[in-house]
Amino acid sequence: MPCKCLASVYVTIYSVPTSSETQEARDFFSRKGVPYEELDVSADPQALQRLRELTGQTDRPAVIVDEQVFVGFNRSRLESAVPSLF
């Protein structure tokens, strides 16, 4: 049976711990077997500043897949932006 190998991507979740979208993003990447780095913007001032620079806001999580920035969690946008993962 042929191997379905995933392309190598780097995923970072700038998390807002109280956000349901943050939990959805964690669950989504975990179910897909895609490793990610999570940066808690409530505990890390540098991560908060970077989130502001990337998105212009701080109240929603951001998901970074390689160089692509996704504000909030949107499953269909993530799947269509990186089809080789899914």
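The values are calculated or read from the model by the stated rules, or taken from the named source; none is laboratory data. A quick note: this is a predicted structure, and the numbers were derived from the prediction, not measured. Methodologically, a virtual Cβ is constructed for each residue, glycine included, from the backbone with ideal geometry; neighbour enumeration extends over all protein chains shown.
General remarks:
- Verdict on Phe29 being aromatic (Phe, Trp, Tyr), farther than 15 Å from Val9 by Cα and surrounded by 14 or more Cβ atoms within 10 Å (Cβ to Cβ): no
- Extreme residue, modelled with the lowest pLDDT, among residues of the stretch 1-33 that are under 16 Å from Glu67 (Cα atoms) and in contact with a helix residue (DSSP H, G or I) (Cβ under 8 Å, 6 or more places away or on another chain): Ala7
- For the stretch 17-33, filtering for residues that are in contact (Cβ under 8 Å) with a residue 24 or more places away in the chain and under 10 Å from Gly72 (Cα atoms) leaves 5.
- Condition check for Ser30: polar (S, T, N, Q) and part of a loop (DSSP other than H, G, I, E, B): no
- Breaking point among (1) among the β-branched types (Val, Ile, Thr); (2) within 17 Å of Val9 (Cβ to Cβ); (3) part of a loop (DSSP other than H, G, I, E, B), for Thr58: (2)
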